Amino acid sequence: MRTTRFAAAGALGLAAALTFTACSGNAGATGPDAGPQPVPTTDGSGKTVTVWVMEGDYQDATLEAINDAFTEQTGAEVDLQIQQWDGITTKISTALATATPPDVIDIGNTQVPGYAANGGLLDLTSYEDDLMQGATWLTGLEEPARIDGSLYAVPGFAGTRAVIYNAKMWADAGVTEIPTTYEELTAALDAVAAAHTEADFSPFYFPGQYWQSSMQFVWDAGAEIATSDDGTWTGGFSTPEGIEGLENFAEFQNTYSTGASATLDNITPDQNQIFADGKTSAILNTGGGIAGIKKANPEITDDMLGTFPLPGLSGDQQPAMLGGSVWGIAAKTQNRDLALQWAKIAGGPEIQEDYVYGVDGWIPNSVEGIEAAQAAGLSPLQAGFFQAALVSKATPGAANWPTIEGDKSIAELFGAIASGSKTAEEAATEFDAHLADVLND
């Protein structure tokens, strides 16, 4: 996913395109009741905004372009501080609680609810129209940034999962067209299965406890992980739609993956290695999986691979879980107006198209950004991931969601159904009860 594509537009050109309007003082009240407001344009001469960025999220050219445009617009400087991943959650929580926190912080999209619940992030709701700048943010970035209807972060970039398949293996089995429907997908996998009867081969390696991928079947059936009604969370797996999605998942997993994979995750064993060893013709993975496959087997080249979004039984493209990064502003920032201006630039179309995609190789934060990248010409391996991101979801915007991922209960839910140790109804009912207990604690 981190394929570098250098853009022609430079930071100075972007800065010149942004207009500067100076005014004094801070903007009015924020929050959902304040009403729509434009992001304030403030003269920041002599001031410095502190921005925390996670190591590896953005390349230097992208950050320089944002900072140059910001300084051109406001006169303020930027103290850019690169943060390491080890212990970052505690470090951010501690910093947000101080009287002088960093002004803008680069955080994971699913981390927003926890920081927002503790009062650490500024409510951006009254500025959201201006921050969006006419764009349609990707659902998987926007949903976890919006808590009880209020916005707490600006989407920065995205990454998602798509099918990575061995195009040569498929062609040898007579499949030369990318499937766009579920029926075409299963027909292709049936053809591959007929050509490979080895006991340890799976047409589509789909480990049962790889819940981030398994969720696509549940979303495709119309169910949600959990929904909130006046702050009370209710799990969606035991609904009729949830049961249907779980059963669809189990049928696909049991039919096209190995029996041993039902209670495994995607890490042990590494699904990239299984693909590289020729033990499967397809996996569902992030863009980083392509590099992992080629590292495991250098004889595999780009022209032997292909990508596409997973089609669903619904007749539509399955929603894909979207990971990514967002920009949060500290509730206690001493430079609110300037921080808002910096975040607006970072999330704006120029930076998204010319740098987030053009330099960093990430998926832009909006539908329009993806369409611009598609029009500019994506490589065959990028195309599937960008298309998958157009229909996206994310984990619930609940402060306690990390507990569910940490205790592995959601992975065990799918594993139990795939292995047949529990029926979909039994496993879903038990998990929804646990989910409600955790999210409503």
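The values are calculated or read from the model by the stated rules, or taken from the named source; none is laboratory data. Since this is a predicted model, take the numbers as computed values, not measurements. Cβ: placed from backbone, ideal geometry, glycine included. Neighbour counts: every protein chain shown. Protein only, heavy atoms only, side chains kept; ligands, DNA and RNA dropped before computing areas. Shrake-Rupley method; radii C 1.70, N 1.55, O 1.52, S 1.80 Å.
Worth pointing out:
- Taking 380, 144, 364 as the candidate residues, the one with maximal mean-square fluctuation in a Gaussian network model of the chain, Cα springs under 10 Å, is 380.
- Considering only the chain, percent of DSSP beta bridges that pair antiparallel, nearest 5: 70 percent
- Straight Cα distances below 17 angstrom link residue 91 to the lysines 332, with same-chain residues fewer than 8 positions distant left out.
- Bridging of residue 422 to lysines at a Cα separation below 17 Å is possible for 408, once same-chain residues fewer than 8 apart are set aside.
- Using the Cβ-Cβ distance between residue 426 and residue 379 with R0 set to 60 Å, the FRET efficiency from 1/(1 + (r/R0)^6) comes to roughly 0.85.
- Accessible surface, per residue, of the range 339-384 when the full set of protein chains is kept, probe 1.4 Å, Å²: 26 Å²
- Anchor residue 168: lysines whose Cα lies under 30 Å away (excluding residues fewer than 8 positions away in-chain): 279, 294, 295
- Taking amide hydrogens as placed 1.01 Å from N in the peptide plane, the amide H of residue 392 sits under 5 Å from those of 139, 140, 320, each at least 5 positions away in sequence or on another chain.
- Tensor-based shape of the range 248-344 (alpha-carbon gyration tensor, a/c under 1.5 rounded, otherwise prolate or oblate): prolate
- Of 425, 143, 371, 299, the residue with the largest accessible area leads and the full order is 299, 425, 371, 143 (1.4 Å probe).
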